[in-house]
1. What value in Å³ per residue do you get for the convex hull of the alpha-carbon atoms in region 1-51?
2. Can you give me the P(r) profile for region 29-121? Cα pairs, bins 5 angstrom wide beginning at 0, each as a whole percent.
3. I need the peptides 6-16, 65-75 ranked by packing, meaning the mean over residues of other C-beta atoms within 10 angstrom, with the highest value on top.
4. Could you work out what % of the accessible surface of the chain is carbon and sulfur, using a 1.4 angstrom probe and leaving DNA, RNA and ligands out of the count?
5. For a label point 7 angstrom out from the Cα of Ala83 toward its Cβ, which stretches of region 35-69 have the backbone nitrogen within less than 16 Å?
6. Distance between Cα centroids, region 107-121 to region 1-45: provide it in whole Å.
7. Of the listed peptides 108-121, 86-99, what is their order by residue-averaged count of other C-beta atoms within 10 Å, with the highest listed first?
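The values are calculated or read from the model by the stated rules, or taken from the named source; none is laboratory data. Predicted model only: the values in this text are computed from it and were never measured. Cβ coordinates were reconstructed from backbone atoms using ideal geometry, including for glycine residues, and neighbour counts include every protein chain displayed. Accessible surface areas use protein heavy atoms only, side chains included; no ligands, DNA or RNA. Shrake-Rupley method; radii C 1.70, N 1.55, O 1.52, S 1.80 Å.
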Amino acid sequence: MIDAALVGLAAGLIAGLLGVGGGALMVPGLVIFLGLSQVEAEATSLLAIVPTAVVGAWRQDRYGNVRRRASALLGGLSVAGCAAGVAAANALPERALKLGFAALLVFVAVNLVRRALRPPG
């Protein structure tokens, strides 16, 4: 249980600091440190991220950083996408999910580094 608390605390801290989705941190943490399967980690992360997202959005809104119309559109459409993704995750082999998740993280990391190294202007 202490491992789960540490994964949650670290994911929340980094998500709040860097604005990354907590799932990008929580899923690997749950797989690596708690030994959950990829599907279990994804499902657990989806539920665990709700309070993090609420607190993070509330705090960011107080700073005036939330675009409410865009948030409503993204949130509404993501519900349908999430339902489809859950169905696919439960139909695909575990290895395919792990490779897909790893590919997503590499893609995001490469793009973040490219943007950070791009000269201003």
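1. 63
2. 2, 10, 13, 18, 20, 19, 11, 5, 1, 0
3. Descending mean neighbour count gives 6-16, 65-75.
4. 71
5. From region 35-69, the list is empty.
6. 24
7. Taking the mean over residues of other Cβ atoms within 10 Å, the ranking is 86-99, 108-121.
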